[in-house]
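Here the structure comes first, spelled out in structure tokens, and everything after it is commentary.
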There are 2 protein chains.
Amino acid sequence: MKKLLSLSTKAPEKFEKEKIKKLIPELSEQISDYQKILYAQSKYSLLVILQGLDASGKDGLINTVFHGVNPLGCNVKAFKAPTKEELSYDFLWRVHKAVPPKGQISIFNRSHYEDVLVPTVEGWINKTELKNRFEHINNFEKLLQDNGTVILKFYLHVSKKEQKKRLKERKTNPKKFWKHNDGDWETAKKFDRYMEAYEEVFKQCKAPEWNIIPSDQNWYKEYLVAKKIKETLKEMKLEYPGLEE
Amino acid sequence: MKKLLSLSTKAPEKFEKEKIKKLIPELSEQISDYQKILYAQSKYSLLVILQGLDASGKDGLINTVFHGVNPLGCNVKAFKAPTKEELSYDFLWRVHKAVPPKGQISIFNRSHYEDVLVPTVEGWINKTELKNRFEHINNFEKLLQDNGTVILKFYLHVSKKEQKKRLKERKTNPKKFWKHNDGDWETAKKFDRYMEAYEEVFKQCKAPEWNIIPSDQNWYKEYLVAKKIKETLKEMKLEYPGLEE
């Protein structure tokens, strides 16, 4: 595949913001409708994995796209730096606990992919360990898929420039102060190394395929992700179960 | 390997009950000593998987062998028929939650192997699904081993005759009434089919190797299992950590 840095982080010109923005609530409603059937049928589940650098807009995306979905059948799990307890288990232990049961949607805000990305960029892992982790991730995702879980993987692709702009805004907009974190500036310096680490992830863990989402504009990003989720739910051919006598 | 039914369920003649019985508390104490170091070091963990037919003596074995081990660092998990909640996840979900963290011993009284044995004997699973399950089990055990978990697998081998004797006792000895279950008699009828299913398990999931324990006599069974656990802990070269300044 192409180098990440050569991929656009913006919408192609033919997409008009005002037109596209109107489509998002519609898609979101369709997702909500499919989710009701998913829940009633309780045969399949959907796992949405969201990856992206700091300020790539994961939180906002979840709010917009899953707005209106019944929280009873939808669960968001944010993976932060592992706790001491979590570190006393294998790296997939905390992830496996959070997978969706049949009938549910789980959204991972970051995921087990952080456990290959961060150690790679920080140099905490050797080649053999990294290779093993990729293998364990592939096996783990296959286990879930064999059990009726559809996995959708999104990488929110922002430019270095846009990331800086957003991080700066967290220091000037009082509503975003709570998101400010000095550590993010340190991580941002490693932008190029993260791009390389992501390229390796896309190469090593490609079943199911990653969706690389140009994410400098929220409206375009939200549109693409919502559209993909809706299409995926549609392809699952969900059905309300018949009456059991 | 040899057919299970051709393997003895009893101690060879040279083993004398009275002599061997005296060795068990000694082994049990050594296990308890190693466990203290395992706990202090918190680098490795031990997973003991106990499989065997009804009345093969799993509960009693745990009591004898782990007598004296500090419960703080040792946890027994009994896997019964899956609950409705557990069935809404992949078959390894409930198992992964129960694996030992670093520094601990977990004992599985039955395990994920029931999820291949029962469906095979009952005819609930097709060949592809079964093959997938074996693969997932092997991958899962490799994940744990890569994380510093040593896995010990025991199959408690009882004869059809001894099993019947023990099941009968549950109907005559008031202290064992609580263990009596009509369903066990139904399962006992499938003895030969379970032997075949176990043979397939030993063939498909052989890393780490299974320990097949002749189990008609409690003293011999307990001795063999305790000895193997002690030797395994010894080979782990556990060490109290140095003083961190």
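What follows draws every value from the coordinates through simple rules; no lab data is involved. Remember, predicted model here, so these are calculated numbers, not experimental data. Backbone-built Cβ (ideal geometry, glycine too); neighbour counts: all protein chains shown.
A few remarks follow.
- Here chain B is assigned +1 on the Cβ of each Lys and Arg and -1 on the Cβ of each Asp and Glu. Its dipole about the Cα centre then comes out at about 920 debye.
- Alpha carbon centroid spacing (whole Å) that separates region A:139-176 from region B:52-67: 49 Å
- Environment charge of B:ARG193, counting only residues whose C-beta is closer than 13 Å and scoring Lys/Arg +1, Asp/Glu -1: -3
- Close amide H partners of B:ALA78, meaning residues 5 or more places away or on another chain with modelled amide H under 5 Å apart, are B:ASN109.
- With the simple model of a label 7 Å out from the Cα in the direction of the Cβ, B:PHE202 to B:GLU122 spans 2.5 nm.
- Residue (of A:SER32, A:VAL225, A:THR83) at the positive-pole extreme of chain A, dipole from beta-carbon charges: A:VAL225
- Translational diffusion coefficient (Stokes-Einstein; Kirkwood radius from C-alpha pairs) of the protein assembly as shown at 25 °C, 0.890 mPa s, in µm²/s: 95 µm²/s
- Length available on full extension from B:LEU72 to B:GLU209: 0.36 nm per residue minus the Cα-Cα distance, which gives 46.5 nm.
- Shortest-first nm distances, A:GLU235 label point to equivalent points in other copies (7 Å, Cα→Cβ): 4.7
- Extreme residue, positive dipole direction of region A:115-178, given options A:HIS157, A:ASN132, A:LEU117 (C-beta unit charges): A:HIS157
- Among the GluC sites (Glu not before Pro) within region B:156-233, those in coil by DSSP and having at most 16 neighbouring Cβ atoms inside 10 Å are B:GLU209.
- Estimated dipole of the protein assembly as shown in Debye, rounded to 20 [Cβ of Lys and Arg +1, of Asp and Glu -1, Cα centre]: 100 debye
- Label spacing, shortest first and in nm, from A:LYS21 to its equivalents in the remaining copies (7 angstrom along Cα→Cβ): 8.5
- Calculated [θ] (222 nm, deg cm²/dmol) that DSSP helices of n ≥ 4 give over the protein assembly as shown, each run adding -39,500 (n - 2.57): -15500 deg cm²/dmol
- Membrane-span-like helices in chain A, defined purely by DSSP H runs whose alpha carbon atoms cover 27 Å or more axially and whose average Kyte-Doolittle hydropathy reaches 1.0, do not occur.
- Nm distances between copies for B:ASN173, ranked from closest, using label points 7 Å along Cα→Cβ: 7.2
- Averaging the sequence gap over all C-alpha pairs within less than 8 Å and six or more residues apart, then dividing by the number of residues, gives chain A a relative contact order of 34 percent.
- Under 5 Å, built H, 5+ apart or other chain: amide partners of A:HIS157: A:ILE213, A:SER215
- Trypsin sites (Lys or Arg not before Pro) restricted to DSSP loop in region A:37-104 with at most 14 other C-beta within 10 Å: A:LYS43, A:LYS80
- Backbone phi angles across region B:175-188, fed through the Karplus curve with coefficients 6.51, -1.76 and 1.60 (θ = phi - 60°), yield HN-Hα couplings of 6, 10, 3, 4, 8, 5, 8, 3, x, 4, 5, 5, 5, 4 Hz in residue order; Gly and Pro are listed as x.
- Among A:ARG133, A:ARG193, a tally of other beta-carbon atoms within 10 Å of each Cβ gives an order, fewest to most, of A:ARG193, A:ARG133.
- Theoretical gain in end-to-end length, A:GLN145 to A:LYS80 [0.36 nm per residue, Cα-Cα removed]: 20.9 nm
- For region A:96-143: rounded, prolate or oblate by the Cα gyration tensor [a/c cutoff 1.5]: oblate
- Working from label points 7 Å from Cα in the Cα-to-Cβ sense, the A:GLU244 to B:LYS43 distance is 5.2 nm.
- Cα-based values for region A:17-235, radius of gyration first and Dmax second, are 17.4, 50 Å.
- Of all lysines in the structure, those lying under 23 Å Cα to Cα from B:LYS84, and not within fewer than 8 positions of it along the same chain, are A:LYS36, A:LYS43, A:LYS77, A:LYS97, A:LYS102, A:LYS142, B:LYS97.
- Nonlocal amide H pairs with A:ILE49, under 5 Å, H built at 1.01 Å: A:PHE108, A:LEU152, A:LYS153, A:PHE154
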